[in-house]
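S.K.: Submitted below is the structure of interest, expressed as structure tokens.
The values are calculated or read from the model by the stated rules, or taken from the named source; none is laboratory data. As the structure is a computational prediction, the values presented were derived from the model and not from experiment. Positions of Cβ are backbone-derived with ideal geometry, glycine not excepted, and every protein chain shown enters the neighbour counts.
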Amino acid sequence: MAGDLGHIVEPKVFAKVLGILLVLTVVTVLVAPSVSGVNFGGWNIVIAMVIATIKATLVLMFFMHLKYEDKITLLYFVFPVVLLFTLIAGIFIDNPFRDASLKHIEVQKGLEIKVADEIKKEEAHH
């Protein structure tokens, strides 16, 4: 319909979402170890990413009116987000094993250097 304005949202809804976004921003700052002194270790990035995801979802759903769109448009949003979480999960799964694999590489290089030195010594004696 030509005169259709789409979904109209009451200003109270926008005010509530804005309030939630501001509270989540304060929580993000308070969770930062440099500000609060509280360090959650490896969970700092996870907490920050979860809060950022919640904030981005609120903006998309209410300020960009995705909540009121049809199901196929919602699918265009959900699929890339699932793909993004899959890729990020792959990084988080890889991280704990990185130190062990780097140490393995260093040990292997050290052994290769020792073997090369032994071969040079033997060649020098002959």
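S.K.: Would you check which residues across segment 67-80 are of a type in the set (Asp, Glu) and either surrounded by 14 or more Cβ atoms within 10 Å (Cβ to Cβ) or modelled with pLDDT of 90 or more (or both) and list them?
M.R.: The one that is of a type in the set (Asp, Glu) and either surrounded by 14 or more Cβ atoms within 10 Å (Cβ to Cβ) or modelled with pLDDT of 90 or more (or both): GLU69.
S.K.: Got at least one residue in segment 96-112 being closer than 30 Å to VAL26 by Cα and either modelled with pLDDT under 85 or part of a helix (DSSP H, G or I) (or both)?
M.R.: Taking every residue of segment 96-112 in turn, at least one turns out to be closer than 30 Å to VAL26 by Cα and either modelled with pLDDT under 85 or part of a helix (DSSP H, G or I) (or both).
S.K.: Here is a further query. For segment 38-66: of the residues being part of a helix (DSSP H, G or I), among the small types (Gly, Ala, Ser) and free of Cβ contacts under 8 Å to residues at least 24 places away in the same chain, which is surrounded by the fewest Cβ atoms within 10 Å (Cβ to Cβ)?
M.R.: ALA56
S.K.: Can you work out which of the residues in segment 46-65 that are more than 24 Å from GLY6 (Cα to Cα) and hydrophobic (A, V, I, L, M, F, W, C) is farthest from the chain's Cα centre (by Cα)?
M.R.: By that ranking, first place goes to ILE54.
S.K.: Which condition does ALA15 not pass, out of (1) farther than 30 Å from ASP70 by Cβ; (2) among the hydrophobic types (A, V, I, L, M, F, W, C); (3) loosely packed, with under 12 Cβ neighbours inside 10 Å; (4) modelled with pLDDT of 90 or more, if it passes all the others?
M.R.: All conditions are met except number (1).
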